[in-house]
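Have a look at the structure below before the remarks.
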Amino acid sequence: YPTERIRNFSIIAHVDHGKSTLADRLLELTGTIKRGLGQPQYLDKLQVERERGITVKAQTATMFYDHKFQGANGIDVQEPCRFLLNLIDTPGHVDFSYEVSRSLAACQGALLVVDAAQGVQAQTVANFYLAFESNLTIIPVINKIDQPTADPDRVKAQLKSMFDLDPNDALLTSAKTGQGLEHVLPAVIERMPPPPGNCNSPLRMLLLDSYYDEYKGVICHVAVVDGTLRKGDKISSAATGQSYEVLDVGIMHPELKPTGVLLTGQVGYVVSGMRSTKEARVGDTLHQSRSIVEPLPGFKPVKHMVFSGVYPVDGSDFEALNHAIERLTCNDASVSVTKESSTALGLGFRCGFLGLLHMDVFHQRLEQEYGAHVISTVPTVPYIFEYSDGRYVGAVITLCSERRGEQLEYTFIDSQRAFMKYRLPLREIVVDFYNELKSITSGYASFDYEDSEYQASDLVKLDLLLNGQPIDAMAAIVHNLKAQRLGRDLVEKLKKFIDRQMFEITIQAAIGSKVVARETVSAMRKNVLAKCYGGDVTRKRKLLEKQKEGKKRMKRVGSVDIPQEAFHEMLKVS
Ligand code: GDP
Ligand code: MG
């Protein structure tokens, strides 16, 4: 494929505006996947993605499309030419913007999908700027025009006022009914430039992503920026100097399809006998072993917004958890991991995440993909930015000031929609701010954030104690003014999770040596077999096994068992 006939593009959007559905339709339209494959969203491969209906990992697929197009040389092409299009699906949620900017590095253009009824939302803005800063050609796609409440003209006006995009450039589509989809790929080919690389220069390729496959070993996704990559080539990493032989190379069509070669501008996969995904550094430049090249710019290091401890439920599973985390972080380089230990929970890890959803998804993937049972501790943090719908402005301002926010900007996108920017302590938004914001605005407000700076604040350490013993994993740094109320809430909440024992249990919240709240769980003997009347033996055994299973998920502090849910539930108090 000559470079002029390659286009690399992404689809970016606010969550639920229809990126993945549109991506599926394009794959169908080009015959890359069969119609009605039964999988609602082809590119959402992870179980967690299907369950939550969100995209977490950027996925790539190569499509072929015949199009009659007047070439750059100005000569009218009579016969349609076959174009090679690489589509990179990106996650929409703010927590995953690292994945977004990573996939944009391999693109020259982006389809900016906006819901025709909802209009421009927070992540539309955030994603637009990511694409804009990467100098991509942006084609606005107003989707879901089949909805009765669709108002494409209003969206066009927003695109003009927010991003200075020409309303005449907008494509109108319904990924549901198929309306307007025939204009999408022609627009991609005609408006977006081909990749800029030089096919005569020595090979340079950008390592976009990697994952571990049971049979093939480490599989790297790469974008060939300059030159050509062939099976059998000896390649080296610019970061480590390590050399590898290319054992297999090909495209994602959308399953791995060996081609033996990748040309300038192509996006594909490489198997090169790397033993661990640690060797595959995302953002690294790979080149021919014998040539010396200037490394590509790579990626900005990520900023972690939320930190939380991750511990095995059963201490003897530490090694297994270590292994699972290693594998998973290969596939998600945006998580930072350091070992730590806690007196209550033993050996574990301190992990840094981009946000709460990112943290949740990480835990879910650990359980689903690696069978690890973990306990996570209260997240600690830094900052934000935010947006809201005009009609609910008052409530939002109240919420932000309750959360100790400082207003930085307040403008109107149009008569219906306001844009607000606040500096807020991350501690105040990380737990339930988003839910609260959604509920006070009947779901209209959307929200995005980025790191600000550390600020001096009046903070105290709030400890939770069981029979006088601190549970270090439940200790939290909180604002002095809120410490007492929080202490009371936490103590009440924890009480619900502690089963009565043969002795009395006191639950206390304390700041230093000052106790700010206290509850007691009175003593009682709990007999799980009491209801069995000694009759049915199998039922008895089942009950005992169930109890044992439950115990596995407990953590013992002093002589009291705390169920895993308690650790999760405590996160929700703020
Ligand atoms: P994403 O989060 O941007 O990837 O959005 P999805 O592709 O997962 O779509 C979110 C929801 O919108 C799904 O329930 C889709 O079926 C629905 N949807 C997508 N495109 C259209 C459309 O053109 N019209 C209508 N009515 N619904 C759509
Ligand atoms: Mg999606």
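Condition check: modelled with pLDDT under 85, surrounded by fewer than 17 Cβ atoms within 10 Å (Cβ to Cβ) and acidic (Asp, Glu). Does Glu386 satisfy that?
Numbers: modelled with pLDDT under 85: yes; surrounded by fewer than 17 Cβ atoms within 10 Å (Cβ to Cβ): no; acidic (Asp, Glu): yes.
Judged against the criteria, Glu386 is not a match.
Do any residues in the stretch 136-154 that are near ligand 1 (Cβ under 9 Å from one of its atoms) have Cβ atoms under 7 Å from those of residues that are charged (D, E, K, R) and at pLDDT 95 or above, where the two are at least six apart or on different chains, and which pairs are they?
From the stretch 136-154, the pairs are Asn143/Asp115; Lys144/Asp115; Ala150/Lys144.
Identify, please: which residue in the stretch 237-253 is assigned to a strand (DSSP E or B) and under 30 Å from the mean Cα position of the chain (by Cα) and is, among those, surrounded by the fewest Cβ atoms within 10 Å (Cβ to Cβ)?
Start the filter on the stretch 237-253 by keeping residues that are assigned to a strand (DSSP E or B), which leaves 237, 243-245, 248-252.
Narrowing the set further to residues that are under 30 Å from the mean Cα position of the chain (by Cα) leaves 237, 248-252.
On the way: Ser237: 21, Asp248: 17, Val249: 25, Gly250: 19, Ile251: 22, Met252: 21.
Within the stretch 237-253, the match that is surrounded by the fewest Cβ atoms within 10 Å (Cβ to Cβ) is Asp248.
Take the stretch 450-477 and flag every residue that is surrounded by fewer than 17 Cβ atoms within 10 Å (Cβ to Cβ), within 20 Å of Thr377 (Cβ to Cβ) and at pLDDT below 80.
Of everything in the stretch 450-477, just one residue is surrounded by fewer than 17 Cβ atoms within 10 Å (Cβ to Cβ), within 20 Å of Thr377 (Cβ to Cβ) and at pLDDT below 80, namely Asp472.
From the set of residues in the stretch 13-35 that are under 21 Å from Ala131 (Cα atoms) and modelled with pLDDT under 85, which is nearest to ligand 2 (Cβ to nearest atom)?
Quick first cut of the stretch 13-35, residues under 21 Å from Ala131 (Cα atoms) only: 13-23, 26.
Still in the list and also modelled with pLDDT under 85: 15, 20.
On the way: Val15: 7, Ser20: 3 Å.
Of everything passing the filter in the stretch 13-35, Ser20 is nearest to ligand 2 (Cβ to nearest atom).
Please work out which one of (1) out of contact with any helix residue (DSSP H, G or I) (no Cβ under 9 Å at 6 or more places or on another chain); (2) at pLDDT 65 or above is the condition Val77 fails and give its number.
The failed condition is (2).
Does Leu43 meet the test of being within 16 Å of ligand 1 (Cβ to nearest atom), modelled with pLDDT of 80 or more, surrounded by 20 or more Cβ atoms within 10 Å (Cβ to Cβ) and farther than 18 Å from Phe128 by Cα?
On the way: within 16 Å of ligand 1 (Cβ to nearest atom): yes; modelled with pLDDT of 80 or more: no; surrounded by 20 or more Cβ atoms within 10 Å (Cβ to Cβ): yes; farther than 18 Å from Phe128 by Cα: yes.
Answer is no for this residue.
Scanning for something assigned to a helix (DSSP H, G or I), hydrophobic (A, V, I, L, M, F, W, C) and away from ligand 2 (no atom under 16 Å from the Cβ), does the stretch 193-211 turn up at least one residue?
No, the stretch 193-211 contains no residue that is assigned to a helix (DSSP H, G or I), hydrophobic (A, V, I, L, M, F, W, C) and away from ligand 2 (no atom under 16 Å from the Cβ).
Matching residues to (1) among the charged types (D, E, K, R); (2) in a helix (DSSP H, G or I); (3) surrounded by fewer than 17 Cβ atoms within 10 Å (Cβ to Cβ):
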residue: Gln147; (1), (2), (3): no, no, yes
residue: Asp153; (1), (2), (3): yes, yes, yes
residue: Ser161; (1), (2), (3): no, yes, yes
residue: Leu165; (1), (2), (3): no, no, no
residue: Ser174; (1), (2), (3): no, no, no
residue: Gln179; (1), (2), (3): no, no, yes
residue: Leu185; (1), (2), (3): no, yes, no
residue: Glu190; (1), (2), (3): yes, yes, yes
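Among the candidates Gly53, Gly38, single out the residue that is modelled with pLDDT under 60, more than 8 Å from ligand 1 (Cβ to nearest atom) and out of contact with any strand residue (DSSP E or B) (no Cβ under 7 Å at 6 or more places or on another chain).
On the way: Gly53 fails: more than 8 Å from ligand 1 (Cβ to nearest atom).
Testing whether each residue is modelled with pLDDT under 60, more than 8 Å from ligand 1 (Cβ to nearest atom) and out of contact with any strand residue (DSSP E or B) (no Cβ under 7 Å at 6 or more places or on another chain) leaves just Gly38.
Could you say which residue among Leu130, Leu136, Leu112 is in contact with a Cys (Cβ under 7 Å, 6 or more places away or on another chain) and not polar (S, T, N, Q)? Full working, then the answer.
Working: Leu130 fails: in contact with a Cys (Cβ under 7 Å, 6 or more places away or on another chain); Leu112 fails: in contact with a Cys (Cβ under 7 Å, 6 or more places away or on another chain).
Among Leu130, Leu136, Leu112, only Leu136 is in contact with a Cys (Cβ under 7 Å, 6 or more places away or on another chain) and not polar (S, T, N, Q).
Could you give every pair whose Cβ atoms fall below 9 Å, whose first residue belongs to the stretch 195-216 and is under 21 Å from Tyr1 (Cα atoms), and whose second residue is surrounded by fewer than 13 Cβ atoms within 10 Å (Cβ to Cβ) and among the aliphatic types (A, V, I, L, M), counting only separations of at least 6 or pairs across chains?
Sorted first by the residue in the stretch 195-216, then by its partner, the pairs are Pro202/Ile292.
The values are calculated or read from the model by the stated rules, or taken from the named source; none is laboratory data. Small disclaimer: the values here were computed from a predicted structure and weren't measured. Ideal geometry is used to build each Cβ from the backbone, glycine not excepted, and the neighbour counts take in all protein chains shown.
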